[in-house]
Each structure stands twice: as C-alpha cells, then as structure tokens.
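The values are calculated or read from the model by the stated rules, or taken from the named source; none is laboratory data. Keep in mind that this is a model prediction, so the values were computed, not measured. Positions of Cβ are generated from backbone atoms using ideal geometry, with glycine treated the same way; all protein chains shown enter the neighbour counts.
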Amino acid sequence: MNCEQCRKLLIIEGLHRLSNQQKQEVREHIAGCADCAEWYKLETRLVAIASETANLQVSLQFVNSVMDRVKEIELSAGHQAREFNFSWLTLLRAVAAGLLIIVALASGIFLGQLTRQENATPFELSALDDSRLETIFMYNDN
Amino acid sequence: MYAERNSNKRLNDEDIVTLVLAGRTDLFALLVDRYKDRVFQTCMGFLHNRQEAEDLAQEIFIQVYVSLSGFKRRSAFSTWLYRIVINAALNMLRKKSKIAFVDLTTLNSSHFAMFKNDRDNPEQVLIETEDNSLLKEALDSLPDKQRAAIVLSYFNEMSQKEIAQVLDTTEGAVESLLQRAKKNLRKKLGESRRKNEQ
C-alpha cells in the first residue's frame, strides 16, 4: 500500500468503515510512514470520542417527558380551538341579532305603510274642482 | 392491548406519521422511542455535554411533533428528522456562541470507566482525555457543514450516501467535506499541540 491509497482509506473512508484486512494493510504502511501515521492517529481519536457516546442512552423518563409536553401542546391547541370557536359563535350571534333587527325594522316599515294606506282619506267628489267635474259630466253625456 | 402494542411496533415511520396526523398522537411515542438514542448521540457530537444534549434532544422531538404536518414524504422520515437535528444543534451552538471546553461536567462515565477497565495507568488516561478534549475543541471550530459531516459519519455511523441525503448534497460533496474537515482538524490539533509545548 502506498501513501495515496492509505490516505484515501483514512481520509475519505474513515477508519471505522474499513475491513479488518484494510486496517491491517494500513497498520503495516504507517509503521514506516510518519505522515500517514498522523492521519491514522487522528482517525483513532475521532473513533474514540464517537465511541464515548455510542453506548450512552437518554434517561428512562425521556419518552414520557416528551409525551407529556406533546399532551400539553394538544391541550393548549384544543383550548385555543375552543376559544376560536367561541369567537366565531359570538360573531354568528351578533350577525343573527343584526339580521333580526333588520327584519324587525323592515316589518315595522312595511306594517306602517299598510296602516297609512288603510287610514288614507277616501276619494271624495268634493275634492274635485269644477273644471274636472265638467269634464266628467261631458264624458257621461256622450 | 399487548397485541395492539406489538402491531404498532411493526408500523413503519411513515405509517406512524400518518396515524399521528390523523389524531393518534399517542403513537408519536413510538417514533421518540425509535430515535431517542440516535438523536441524543448526534446532539452529544455537537454539544459534548450529556444534560445539554438530552435537553436539546427533547426540544428536537417537540419541534418534530409540531412540524409533523410539514413532512412532505419527499425523503425518508429519518432523513427529515436528522435535518431537523442538525439545524437545531447548529442553531443552539450559534445562540450560545459556545466556546467549547471540556470541564469536569463533560467527563462522562466512559472517561471514568477507562480507569476501572483495561487501563490501569491514570497518567495515560489523563493524556488521552486531554487529547480528546483538544479534538472536541477542534471539532467545535469547524465550519457548520464540515462539522455536521463528521458528526453524522462518526457519531451516527452514516454512509456518505445517507449523509448526502441529510445535508441535501451529493456524495462527492460529502467526500470533499470530510476531506476538508479532517485536514482542518489535523491543522488545528497541530496548532494546539504547538501552543501547549510553548
């Protein structure tokens, strides 16, 4: 194995991905190559700090804690939705009340007009002036 | 009940998402259970602190739940999840303007386990711990994408294809990110070593 091959394996692939055979070849190469040995050292340290956390697990209450917060979010979302519905309901009530008032006013006006028509003075001959009466009589004579 | 639990466990991620969106919010616990440790380990790769990483992991799952309706199924659920993880971790680091250093609180059980197990030389352990803390510092100073590529590759053991999907880039670009990241790491470690020697 030459330096280029060794560095390709260490830098691009990474020590943690190499097969045992490849690791053996790398070890043989670095025994006589100081620069590649530095790359190898960096790789072993990267693998070491990663393996420090590899077996770490979250605390036992982790899932429950997350789910408690999910429930809180759901409750708060439900509450907000109820508040939202309530405001729509209020608006709906206001619109309905407005419509009722409009209907009531319209009916009042309509009824008022009817009453005025019923109370209106009937057609009286006395109200007609003489010229118009003459016209009527002339028409009747013919 | 037991039968239902078992059949729920057989559901794939995308089916669970559908059911959660349809109102079975309790099934979200299955997704949390499936990914909790992997998400936590990714967070550890960025934060190097157990408590902070667990808090962030919790925030991430809440963020996932809230934005679940935004999952358009153009990629696997896990890819979408890891995108959220990477963004959340990088945002958290930006917010904190974190200057990474390793103090006693970040020395986790594995450091102390070394004393108990096969290493009986405390001096050697301290040197290695210091080396690791320098490497973590160097990792923290990498540009965002290079750092994400290293964390996904080493802490999550993702292939370059998977990393490319998460970072929404090509495999070639990931290869180049890893190459540049390692060159930067080596450079920074060399500088730290020289500073320590002075």
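Some observations on this one:
- Reported count of residues in region A:1-43, each being among the aliphatic types (A, V, I, L, M) and more than 14 Å from chain B (Cβ to nearest Cβ), is 4.
- Test result for B:LEU56, away from chain A (no Cβ under 12 Å) and either modelled with pLDDT under 95 or crowded, with 17+ Cβ neighbours inside 10 Å (or both): no
- Pairs with Cβ under 7 Å, 6+ apart, first in region B:147-170 and at the interface with chain A (Cβ under 9 Å from one of its Cβ atoms) and part of a helix (DSSP H, G or I), second among the polar types (S, T, N, Q) and crowded, with 19+ Cβ neighbours inside 10 Å: B:VAL151/B:THR42; B:PHE155/A:THR53; B:PHE155/B:GLN41; B:PHE155/B:THR42
- Looking only at residues of region B:140-198 that are acidic (Asp, Glu), within 15 Å of the chain's Cα centre (by Cα) and within 25 Å of B:LYS96 (Cβ to Cβ), we find that the one that is modelled with the lowest pLDDT is B:ASP140.
- For region B:52-89, the set of residues classified as touching a Ser or Thr at 6+ places or on another chain (Cβ under 8 Å) and either farther than 27 Å from B:ALA22 by Cα or among the acidic types (Asp, Glu) (or both) consists of B:GLU54, B:ILE86, B:ALA89, listed by residue number.
- The residue that is modelled with the highest pLDDT, counting only those in region B:82-108 that are polar (S, T, N, Q) and closer than 25 Å to B:LEU134 by Cβ, is B:SER97.
- When B:VAL39 is tested against (1) crowded, with 24+ Cβ neighbours inside 10 Å; (2) away from chain A (no Cβ under 14 Å), exactly one condition is not met: (2).
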